[in-house]
Amino acid sequence: MLKYALKSMWARKSTTILFTIALIVALTISMVAVNISSQISEGFIRADREYDIIIGPNGSETQLLMSTLFFADLPLGVISHDYVTELESRGDLEIVLPFALGDSYRGNNLVGTNPEFLRNKTIVEGNSFTSPFEVVVGYNVAKNHNLQIGDELITSHGVADHSINSLACLFHDHDDEEYLDSHDNTPYKVVGILGRDNSAYDNALYTSIESIWLAHNHTGALTPEEELVTAIIIRSGNQSAAREITSDFNSKPEYQAVHPTSVMRKLTTNIDLSKQVAFLLCSIILVLAFIIVCIMTMLMLDSLNKEVRTLRFLGLNRGIISKYVVYQVLLLGLFSTILSRLLTIGVVYVANMLSSTMGIVLDLGKVYYLEYIIGLVILALCLSPVFIYLNKMYKEALSNEK
């Protein structure tokens with residue numbers, strides 16, 4: 001019966017193809033919308049849990065947040081490392097870390113900080129950096145550039161987009177072509193490789209803050225004026241201290257202290273608005289696809305009806321005829337589901353190329369229960385006319401027997 005079902009679908013290939021395409025479109029749109037929106041929301045939530053204060057030069061608080069937690073925007077400028085020492089000496093803060101975007105390696109930002117910055121990340125090969133010009137590389141950086149433990153790499157001047165606000169660019173004159181290229185005299189040695197984190201950490205490299213300073217100092221001796229950072233990130237563990245520090249730095253006109261949660265809330269409000277518009281457009285496309293599926297289903301049933309009459313004339317019972325119809329429906333549904341899943345992965349892959357520039361890394365293999373639920377609902381709605389037809393056929397058979 002399966003063989004005859006396949007032949008039947010091939011005989012009606014135009015209707016079958018259109019039906020399958022419409023069903024794939026409906027399934028793919030619903031899966032993509034749920035998957036991407038969920039992963040972006042989770043990406044923001046994960047980043048928000050790490051730190052509760054970011055200190056940097058005055059300017060856009062969103063830019064400060066994105067450049068520090070997502071390595072995805074230009075640094076606002078620099079502040080003295082003396083503030084890091086001052087905050088560490090308080091003794092009432094859990095974590096105080098210097099942060100500097102100085103150079104880049106083949107489009108991936110090099111982050112200057114302390115080893116504690118990677119405390120919650122898994123180093124699958126090697127160890128964390130302990131000396132100047134040792135570097136730990138993110139999962140995607142190592143994978144894309146075939147980096148191994150012990151490899152040496154040369155960084156380029158400035159952050160990935162050669163921002164004039166980067167720490168590196170503040171040390172040198174942009175008119176000097178020598179400093180617009182690579183730091184050939186200060187190679188970095190790969191000492192560690194991070195495991196996949198599905199976050200901005202996958203697309204960056206990490207070294208000591210001293211490495212950033214020394215890479216742009218050609219005298220061998222650092223001065224306090226050269227010991228600069230682009231931000232200070234803090235996990236206070238103390239609400240009273242957090243309020244005091246925020247108030248203190250916000251009172252200085254050249255600096256700002258922001259709470260990632262409050263900035264993230266403003267940012268996600270704008271994203272939610274965009275997401276609602278996207279969902280509206282997806283819904284319109286989904287409705288159109290559903291209408292097309294219904295039309296194709298009715299055309300398919302009209303053609304099937306002739307075949308069913310022939311089969312009944314030949315004496316086949318209702319059970320065999322039902323299998324004949326159900327096999328076709330299940331084959332089309334299974335084929336459409338598999339193709340839509342593959343298309344979803346493809347779309348997420350393309351979306352990841354765009355979202356990675358904003359510090360949000362999408363996991364291609366991640367699937368949400370809601371995707372399955374929506375997929376089953378769409379399949380049920382689109383294929384329900386077939387089962388209505390089978391029920392009608394059953395009632396007609398009963399009436400004829402009477």
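The values are calculated or read from the model by the stated rules, or taken from the named source; none is laboratory data. Here the structure is a predicted model, which is why all the values come from computation and not from measurement. Every residue, glycine as well, gets a Cβ built from its backbone with ideal geometry; the counts of neighbours run over all protein chains shown.
Filtering segment 54-70 down to residues that are more than 18 Å from ILE40 (Cβ to Cβ) and of a type in the set (A, V, I, L, M, F, W, C), which residue is farthest from the chain's Cα centre (by Cα)? Step by step, filter segment 54-70, then rank; the result is ILE55. With respect to (1) in a helix (DSSP H, G or I); (2) in contact with an Asp or Glu (Cβ under 6 Å, 6 or more places away or on another chain), the lone exception for LEU110 is condition (1).
For the residues LYS121, LYS143, the requirement of being free of Cβ contacts under 8 Å to residues at least 40 places away in the same chain and either assigned to a loop (DSSP other than H, G, I, E, B) or of a type outside the set (A, V, I, L, M) (or both) singles out LYS143. Residue pairs whose Cβ atoms lie under 6 Å apart, separated by 6 or more positions or on different chains, with the first residue in segment 67-84 and assigned by TED's automatic domain parsing to the domain that holds LEU222 and closer than 13 Å to THR357 by Cβ and the second of a type in the set (A, V, I, L, M) and assigned to a loop (DSSP other than H, G, I, E, B), are PHE71/ALA204. Evaluation of SER38 against the conditions (1) in the same structural domain as SER240 (by TED's automatic domain parsing); (2) of a type in the set (Gly, Ala, Ser); (3) under 17 Å from the mean Cα position of the chain (by Cα) shows that the sole unmet condition is (1). Entry remark, segment 57-66: residues being buried (at least 16 other Cβ atoms within 10 Å of the Cβ) and either in a helix (DSSP H, G or I) or in the same structural domain as VAL350 (by TED's automatic domain parsing) (or both) number 5 in total.
Selection of segment 72-116 for residues being buried (at least 21 other Cβ atoms within 10 Å of the Cβ) and of a type in the set (Asp, Glu) yields ASP73, ASP103. The residue that is surrounded by the fewest Cβ atoms within 10 Å (Cβ to Cβ), counting only those in segment 227-269 that are touching an Asp or Glu at 6+ places or on another chain (Cβ under 8 Å) and of a type in the set (Gly, Ala, Ser), is GLY237.
Looking at (1) within 22 Å of LEU342 (Cα to Cα); (2) among the aromatic types (Phe, Trp, Tyr); (3) modelled with pLDDT of 80 or more, find the lone condition where PHE19 falls short. Here PHE19 meets the rest and fails (3).
Every residue in segment 214-236 that is without any contact (Cβ under 8 Å) to a residue 60 or more places away in the chain and either outside any helix (DSSP H, G or I) or closer than 22 Å to LEU153 by Cβ (or both), please. Selection gives ASN217, HIS218, THR219, GLY220, ALA221, LEU222, THR223. Return a yes/no flag: does segment 353-366 have any residue that is on the phi > 0 side of the Ramachandran plot and touching a residue at least 40 places away in the same chain (Cβ under 8 Å). The answer is yes; a qualifying residue exists. Does LEU27 satisfy being touching a helix residue (DSSP H, G or I) at 6+ places or on another chain (Cβ under 9 Å), outside the structural domain of LEU147 (by TED's automatic domain parsing), surrounded by fewer than 21 Cβ atoms within 10 Å (Cβ to Cβ) and closer than 30 Å to PRO385 by Cα? In short, no. Check segment 68-85 and report whether any residue there is of a type in the set (S, T, N, Q), farther than 14 Å from VAL229 by Cβ and at pLDDT 90 or above. No - not one qualifying residue is present in segment 68-85. Can you pull out the residues in segment 374-393 that are modelled with pLDDT under 70 and either exposed (fewer than 14 other Cβ atoms within 10 Å of the Cβ) or not assigned by TED's automatic domain parsing to the domain that holds THR337 (or both)? Listed by number, the residues that qualify are ASN391, LYS392. One residue stands out among those in segment 33-52 that are touching a helix residue (DSSP H, G or I) at 6+ places or on another chain (Cβ under 6 Å) and aliphatic (A, V, I, L, M): the one that is modelled with the lowest pLDDT, which is ALA47.
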